[in-house]
Each structure stands twice: as structure tokens, then as C-alpha cells.
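Report on the following structure.
A short reminder: the numbers here are calculations on the coordinates, not readings from a lab. Since we're looking at a predicted model, the values are computed, not measured. Here Cβ is always computed from backbone atoms with ideal geometry, including for glycine, and neighbour counts include all displayed protein chains.
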Amino acid sequence: MNKILPQGDANGNAAAGSKALPGGEADCSPCCYSRRGVCLSAFLMLLLTTLAALIALVAILGPPSRTPGAQACVTQMNRTGFLCNDRSSCIPASRVCDGVRTCAHGEDEEEALCRAVPQSLPGFLVAHCGDPASWIYSDQMCDGINNCGDCSDELSPVTTCPPCSPGWWPCPSTVFKYCSCIPRSLCRDHVQHCSDWSDEYSCPGP
């Protein structure tokens, strides 16, 4: 039985113009290479257009806002403070999330920081009162003012505060605003502010 050989010469070589490539793929024509070039150019053009659009968007809207860097600092009054993003401005803890932008870029009022006060505040800004449901800012502890309402921010066992600072007079206050010290400016004003009347008889005044 005679075998049918591919069209070509007697040695089985393929005829000119129909030579097979390794893997059985036919030789790619110049038109094929041209289409590949067009596809590659179109892809690069799309990539560059997307990049240009992103750059334009950032230029219009500005860079994405940063989550406030929650870092503690010490204010000029030797109180716990909040360090602004400029790393030089230290604002009192009680100025954070008070509705007023105190830091130059307003990071003390950002949504990430103030969305669920006090839970969203960093721990160094918060102090708890004798009533676990009550809280104050950490710079309000031991400031002479009854911020908790039960004086737990000024008196033991919840808080151990130093003696009355200069400008204050030690006494059991009859004024709800104060606890164990009153401002010396209230001394000898003909009004009782201490339960023992020492603000009128013993306190030397301001």
C-alpha cells in the first residue's frame, strides 16, 4: 500500500512558503506583528491615562487625610496634652474633640478621633471618676475643680493629688465647684466658702 506524503520533494521536506515552526505554529506574518504592536501601544496608553487621572485627582482633592497621631505631651501648665501633627504644638487634653479646631490642621477634631468619645480617644486623654460611667479629660484631674461632680478627681481613694498649689487655700469647701482647696481670690470677700470659715478668718488672701 502506497503512503501519501505531504506535498514537497522526495525527501519529505515541506514546500517553500509552508515550513512548520517548532510546536506546530505557523510563521507569523508581518501583519500579525503589527497587530501586536498596536495592542501593546493601546495598553501603555491606557496605563498612562489612568496614572495621569490619579495624579490630577490628588492635585484637586489634596492628599488623603491622616489619622491623628495620638501622642501625649506635657503642656506649659505641666498637664497632659495632645501633640499636634506639626510635632511642636501641645494642646491641653480637654481641648480635643471640643468642637473647636485647636491644632493648625484640625487633627484634634478629626472624625477618627471624635466619632465615639470617650471610646475613640487614646487612653492618655481620659480619666475615670468614682462613678465608672463618668469620665473627664486627664488634664482636669487635680486641677482644684470638681469636674467629676463627686470630687473623686480631686480626692482619694480614686485620685491622690498633691497639696493645694500656690494661689489656693486648703479647706473643706462649701462651694460645689471646689473640693479641698479654694482660690485665694475668694478669701476675705465676706462670703463663706469654707465650712470652717477659715477663708474669712485665717486665709491671708491673694
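Less than 13 Å Cβ to Cβ from G81, Lys/Arg counted +1 and Asp/Glu -1: what total charge do the surrounding residues give? Present the calculation step by step, with values, prior to reporting the outcome.
Details: positive: R79, R87, R95; negative: D108, D139.
Net local charge, G81 excluded: +1.
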Among the trypsin sites (Lys or Arg not before Pro) in region 145-190, which ones are in a DSSP loop with at most 13 other Cβ atoms within 10 Å of the Cβ? Mind listing them? K177
Multiply the residue gap between T50 and I145 by 0.36 nm, knock off their C-alpha separation, and tell me the result in nm, one decimal place. 28.3 nm
Between W197 and S156, how high is the FRET efficiency from 1/(1 + (r/R0)^6) when r is the Cβ-Cβ distance and R₀ = 22 Å? Nearest 0.05. 0.30
Tell me, how many Å apart are the Cα centres for region 71-85 and for region 135-185? 21 Å
